[in-house]
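Bear in mind these aren't lab numbers, they're just calculated from the coordinates by the rules spelled out. Note that the structure is predicted; figures quoted are calculated from it, not measured. Neighbour counts are summed over all protein chains in view; Cβ atoms, including those assigned to glycine, are modelled from backbone coordinates with ideal geometry.
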Amino acid sequence: MLYPVNLELDQFEIVIVGGGEVAYRKCKNFLEFNKSVKVIAPHFLDSFYELENVVLVQDKYDERYIESSQIVVAATDNRLVNEEIAKYCHQHKKLVNVVDNRMLSNYIVPSYVKRGDLLLSVSTGGKSPALAKKISRELAVEYDDSYEEYVNLLGSLREAIMKRYEDVGVRRKLIKELISLDYEALKEESRKYL
């Protein structure tokens, strides 16, 4: 059974083994969270060379490339190599996502919608990634780009309320009232606190 968790990626070294389309997509996902990534492959899609904060190592898989990492993605086009990577990672207590074998993975990356600090993730436990993606697309429409500013404003208001009111009950009541407001009404209400 999968447990939902958000990781602070700054503390982890991430290595992706593979240079194809799936590896590229996984790499871009990590970069979206401001994390640098090391990618190991004999050949890379041209689009890899356009990415920033990526270290490309043009070589075939070798254990030495993942020894110091904590998070590994096995995304080669060779099932046996992916299995070898998974085995090494399991033996050395590393997080590993094997893109062609859910059962060898000890973590998966859910489909998600990111609006600044608002992160909505959807998982079917690997049973139907297409359904997770469909639900994410629906969420992306419902929670558009304006939610980035909305969440930032709510964060500032929460901080101001926490400083101003010691009573936990009062804090909860005020915050509950604020989250019921749409963005324009929230901006108006924020003048009382900021």
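Under a GNM of the chain (C-alpha, springs under 10 Å), which listed residue has the highest mean-square fluctuation: Arg115, Arg102, Arg172?
Arg172
Using only Cα atoms, locate the centre of segment 8-43 and the centre of segment 57-87, then give the distance between them in Å, rounded to an integer.
Here the two parts' Cα centres lie 12 Å apart.
Choose one answer from Leu174, Leu45, Leu31: the residue with the largest mean-square fluctuation in a GNM of the chain with alpha-carbon springs under 10 Å.
Maximum fluctuation in the GNM of the chain, among the listed residues, is at Leu174.
In Å and on Cα atoms, what radius of gyration and Dmax does the chain show?
20.7, 62
Considering amide H positions built from the backbone, and no H for Pro or chain starts, which residues 5 or more places from Ser111, or on another chain, come under 5 Å of its amide H?
Here the answer is Val122, since their amide H atoms fall under 5 Å of that of Ser111.
Taking the chain as a Gaussian network, where each spring joins two C-alpha atoms under 10 Å apart, which residue of Ile16, Ile71, Ile161 fluctuates the most?
Ile161
Looking only at GluC sites (Glu not before Pro) in DSSP loops with at most 15 other Cβ atoms within 10 Å, what is the longest site-free stretch of the chain?
68-165
Check cross-link reach from Lys163 to the lysines: straight Cα distance under 25 Å, and skip same-chain residues fewer than eight apart.
Those lysines meeting the cut-off are Lys173, Lys176, Lys187, Lys192.
Divide, for segment 144-189, the radius of gyration over alpha carbons by 2.2 N^0.38 Å, where N is the residue count. Please report the intermediate quantities before stating the final value.
Numbers: Rg = 10.8 Å, N = 46, 2.2 N^0.38 = 9.4 Å.
Taking N as the residue count of segment 144-189, the ratio is 1.15.
Would you list Arg191, Arg164 from fewest to most Cβ contacts within 10 Å?
Lowest to highest Cβ neighbour count: Arg191, Arg164.
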